[in-house]
Amino acid sequence: MQFRIGPAIAALISVAAIGVGAQAAPAVAAPTAPRTSVAHAVAFGEDDIQRAANVPDRETAVQGMMNEAFAMFNGRYNVAVYNLSDSHFEDGLQNRVFDRPYRVHYGFFNLQSTDYRVVVFESGTLVNHGDGGWINWGFRGNYQRPETNKVIFTAIQ
């Protein structure tokens, strides 16, 4: 019994044979340099936020975008993510270092979408006059929440 192999499989076999007996180099993660400036943080962090937005549900997207934005600036600033499709937010956030809209696709075949704003800032207030929960907003940093719908942020020391 004879087997015929195509040229693509023959090439794979010869490439695999070249590596026989060789030791693979250990996988080492590239060291990440600390993000020392706003421009540097934005250049390297914006794609991470977009990747966090590309998940199957809005709750996970909001949490992911919030965490990526916080990491993007090494935890030196407050972060708020809120639903732009729901105009029930009173935004009093001050001294912004990053402010971008992101679209989150979700639902059956990702046919639905919601727009969110990701804001990295020093201080201020954010009031939600609509529904709460992770699908509508998330925040992280140095804050007090005197009411369930109001968050007061102070600068992180």
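The values are calculated or read from the model by the stated rules, or taken from the named source; none is laboratory data. Quantities reported herein were computed from a predicted structural model and do not represent experimental measurements. Here the Cβ is made from the backbone with ideal geometry for all residues, glycine too, and neighbour counts use every protein chain on show.
So which residues in the stretch 68-88 are over 19 Å from Thr125 (Cα atoms) and surrounded by fewer than 24 Cβ atoms within 10 Å (Cβ to Cβ)?
Listed by number, the residues that qualify are Glu68, Ala71, Phe73, Asn74, Ser85.
Can you tell me which residues in the stretch 119-157 are of a type in the set (A, V, I, L, M), part of a loop (DSSP other than H, G, I, E, B) and under 29 Å from Asn54 (Cβ atoms)? Write out each step before concluding.
First pass over the stretch 119-157, keeping only residues of a type in the set (A, V, I, L, M): 119-120, 126-127, 135, 151-152, 155-156.
Pick out the ones that are also part of a loop (DSSP other than H, G, I, E, B) and you get 135, 155-156.
The answer is Ile135, Ile156.
Looking only at helices (runs of 4 or more DSSP H) that fall completely inside the stretch 1-118, which ones have 2 or more residues that are at negative phi and modelled with pLDDT of 85 or more? Reasoning before the result, please.
Numbers: elements: 7-18, 38-53, 58-72.
Once the helices (runs of 4 or more DSSP H) in the stretch 1-118 are filtered for at least 2 residues that are at negative phi and modelled with pLDDT of 85 or more, what remains is 58-72.
Looking at Asn136, is it in contact with a strand residue (DSSP E or B) (Cβ under 7 Å, 6 or more places away or on another chain), touching a residue at least 24 places away in the same chain (Cβ under 8 Å) and not charged (D, E, K, R)? Full working, then the answer.
On the way: in contact with a strand residue (DSSP E or B) (Cβ under 7 Å, 6 or more places away or on another chain): yes; touching a residue at least 24 places away in the same chain (Cβ under 8 Å): yes; not charged (D, E, K, R): yes.
Yes, satisfied.
Going by the conditions given, is Arg145 modelled with pLDDT of 95 or more and either under 19 Å from Glu46 (Cβ atoms) or in contact with a Leu (Cβ under 8 Å, 6 or more places away or on another chain) (or both)? Before you say what the answer is, go through the steps one by one.
On the way: modelled with pLDDT of 95 or more: yes; either under 19 Å from Glu46 (Cβ atoms) or in contact with a Leu (Cβ under 8 Å, 6 or more places away or on another chain) (or both): no.
Here the answer is no, as Arg145 does not meet what is asked.
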Selection over the stretch 43-67 where residues are of a type in the set (A, V, I, L, M), in contact with a helix residue (DSSP H, G or I) (Cβ under 6 Å, 6 or more places away or on another chain) and surrounded by fewer than 19 Cβ atoms within 10 Å (Cβ to Cβ) yields a count of 1
